[in-house]
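Q: Below is a structure I'd like to ask you about.
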Amino acid sequence: PTAVANPSDHYVVLEPGQSPRFMSVNEIARACGLLDSSPLTHMLVASRTLTVNQAASCLGRGVHAGVAAQVAGTLLRRGKLARGLTYGSAYSGIDMFAAGLDMVMGGDWRYAFASESHPTVRNGLLHAWGGRGLASDACYCDALCDDALTGERVDLFVLTAECGEHSRRNHQRSAIGQSSHQGTFLLEGGSIVISSEKECSVDKIRLSGIG
């Protein structure tokens, strides 16, 4: 699914006896692990918040929702998360990790804050997750602004920065570049932080604050 992050790239569906066609947004969403009933799928498919190309690109840049559900489900079973939790994110995109969390929690959680610099994507983020508590005044355009860094403490915080600085295709990648856009976040006792580069491989998912 990450291939569609580039707006010029789309999957082509080949069916016997029919002309080739591009995969629809709903089909890409399913390939990314999203349920048809997800608030995020509804925003992508049923609303006009994003264009088809924008929706496909956002899906390609997100964390696979099925993987997110497995992570959240594991933490829930181990007693590290509880239903009714509060949730926050940074470098959020349209937040496909929230979609995975929503699968596990069945809507029994509250979205406290997020950050996304692109105004159109931020609008999609609000449209998708407003029903889970995300408010416009807590959806920041800068993950490192004072309000974002000093906001509400949450039970689960997910940081999903772009993968460019971590990609093996980036021959100029460096530890400084990888950390420069993430800033410093205060982790208080009892909180769980998941840091995962968008389009990540399994070895790029890190958990902290769970022991």
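The values are calculated or read from the model by the stated rules, or taken from the named source; none is laboratory data. Here the structure is a predicted model, which means the values were calculated and not measured. Every residue, glycine as well, gets a Cβ built from its backbone with ideal geometry; the counts of neighbours run over all protein chains shown. Accessible surface is based on the protein model in full, side chains and every heavy atom, while ligands, DNA and RNA are left aside. Shrake-Rupley method; radii C 1.70, N 1.55, O 1.52, S 1.80 Å.
Q: Looking at the stretch 73-159 from every direction and averaging, what is the projected area of its Cα convex hull in nm²?
A: Working: hull surface 20.1 nm².
Spelled out: convex hull of the Cα atoms, projected over all directions, averaged, 5.0 nm².
Q: How would you rank 21-32, 141-152, highest first, on the average number of other Cβ atoms within 10 Å across their residues?
A: On the way: 21-32: 17.5, 141-152: 13.7.
For the peptides 21-32, 141-152, the packing ranking is 21-32, 141-152.
Q: Still on this model: Tell me which residues come under 5 Å, amide H to amide H, from F22 once H is placed; ignore anything under 5 positions away on its chain.
A: For F22, whose amide H was placed from the backbone, the distant partners under 5 Å are V13.
Q: Given a 1.4 Å probe and every protein chain left where it sits, what share in percent of the accessible area of the stretch 7-142 is carbon and sulfur? Please report the intermediate quantities before stating the final value.
A: On the way: 3290 of 6290 Å².
Carbon with sulfur: 52 percent of the solvent-accessible area.
Q: Rounded to the nearest 0.05, what FRET efficiency is calculated for S136 and R83 with R0 set to 25 Å and r the Cβ-Cβ distance?
A: Details: r = 26 Å, r/R0 = 1.04.
Calculated transfer efficiency: 0.45.
Q: For N6 and L144, what is the calculated FRET efficiency with R₀ set at 35 Å and r taken between the beta-carbons, to the nearest 0.05?
A: Numbers: r = 27 Å, r/R0 = 0.76.
Taking R0 as 35 Å, the efficiency between N6 and L144 is 0.85.
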